[in-house]
Amino acid sequence: MANWSDPRIGASQPTTTIGRDVAYDAGLRAHMLSVYNYMASGVLLTGVVAILFARWSGAPAVLFGPGPLKYLIMFSPLAFVMVMSFGINRLSAGAAQALFWGFAAVMGLSMASIFYVYTGGSIATCFFATAAGFASLSLWGYTTRKDLSGVGTFLIMGLFGLIVAMVINIFLRNSTMELAISGIGVLIFAGLTAYDTQKIKSIYFQLAGSGDTLRKAAIMGALNLYLDFINMFLFLLRFMGNRN
């Protein structure tokens, strides 16, 4: 998750005149549109890079063969996320945007492997199912008046538990456990989609009118939603995808 302030919902909601409320609503809509545009463009860039790299004849040797290159591709996205999360306050908005595009591109290299593991039909089905679920959950997170901060804390704790279970199953190689992990992973990132959307909305009211800082907040919000979408897609693919 991005290392960004997470005020409680409603704590910073402005109490203003009707005219100011309308201005805030317009500003919030523009901010959320910017977040979704970044996120959707990142997913598109990842998909294009993944497809092009998978079509390269040398890709299987890089992704599955011996050598350090496959590990570089595997762990590069994590490095980008860490730099953005822990260094966002020292980065300019332009640098943060460049890092976001770089992250999306290297994620495409990493995700090219799914085209060798799963059928094209399964990938398409899971992608569109994820897109429909993501849109519904994000809309609910945006419109609900319920404070999701407590739910988000619970989900983040569950995510750490899921990571531990995944590490353990690397050694156990238990197919039943893998199926359970995949199902739980879908549920966790589905919940985080709603939580992160509400958090983005809340942060806007903290930073409205702050210019460059608000632009960086939009990029970090897009990064969080991108990670929710991609992880929900990958766990759903592992849960119900047909292998080649």
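For the stretch 98-109, which positions are more than 15 Å from the chain's Cα centre (by Cα) and crowded, with 18+ Cβ neighbours inside 10 Å?
L109
Name the single residue that is nearest to F239 (Cα to Cα) among those in the stretch 121-148 being hydroxyl-bearing (S, T, Y) and surrounded by 15 or more Cβ atoms within 10 Å (Cβ to Cβ).
Among them, the one singled out is S122.
Give me the residue from the stretch 70-103 that is touching a residue at least 12 places away in the same chain (Cβ under 8 Å) and either outside any helix (DSSP H, G or I) or of a type in the set (S, T, Y) (or both) and, out of that set, farthest from V35 (Cα to Cα).
Out of the qualifying residues, it is S76.
Can you tell me how many residues within the stretch 201-237 are among the charged types (D, E, K, R) and within 17 Å of the chain's Cα centre (by Cα)?
The qualifying residues number 3.
Condition test on V151, is it assigned to a helix (DSSP H, G or I) and modelled with pLDDT under 95?
yes
If T15 satisfies all but one of (1) over 23 Å from I123 (Cα atoms); (2) at pLDDT 95 or above, what's the number of the condition it fails?
Of everything listed in (1) over 23 Å from I123 (Cα atoms); (2) at pLDDT 95 or above, T15 misses just condition (2).
Within the set of pairs 6+ apart or on separate chains, which have a first residue in the stretch 120-132 that is more than 12 Å from I230 (Cβ to Cβ), a second that is surrounded by 10 or more Cβ atoms within 10 Å (Cβ to Cβ), and C-beta atoms under 6 Å apart?
S122/G241; S122/N242
Which one of these does N37 not meet: (1) outside any helix (DSSP H, G or I); (2) at pLDDT 95 or above?
(1)
Somewhere in the stretch 120-129, is a residue touching a strand residue (DSSP E or B) at 6+ places or on another chain (Cβ under 9 Å), more than 27 Å from M84 (Cβ to Cβ), outside any helix (DSSP H, G or I) and modelled with pLDDT of 95 or more?
Within the stretch 120-129 (the criterion being touching a strand residue (DSSP E or B) at 6+ places or on another chain (Cβ under 9 Å), more than 27 Å from M84 (Cβ to Cβ), outside any helix (DSSP H, G or I) and modelled with pLDDT of 95 or more), the answer is no, since none of the residues qualifies.
Of everything in the stretch 207-218, what is among the hydrophobic types (A, V, I, L, M, F, W, C) and either surrounded by 24 or more Cβ atoms within 10 Å (Cβ to Cβ) or assigned to a loop (DSSP other than H, G, I, E, B) (or both)? Give them in sequence order.
The answer is A208, A217, A218.
Filter the stretch 65-88 for residues that are more than 21 Å from V43 (Cα to Cα), over 20 Å from the mean Cα position of the chain (by Cα) and not basic (K, R) and give the result.
Hits for the stretch 65-88 are G65, P66, G67, P68, L69, Y71.
Collect the residues in the stretch 205-222 that are modelled with pLDDT of 95 or more and touching a Leu at 6+ places or on another chain (Cβ under 9 Å), keeping them in residue-number order.
K216, A217, I219
The values are calculated or read from the model by the stated rules, or taken from the named source; none is laboratory data. The structure displayed is predicted, hence computed values, not measured ones. Using ideal geometry, Cβ is built from the backbone for each residue, glycine included, and neighbour counts are taken over all protein chains shown.
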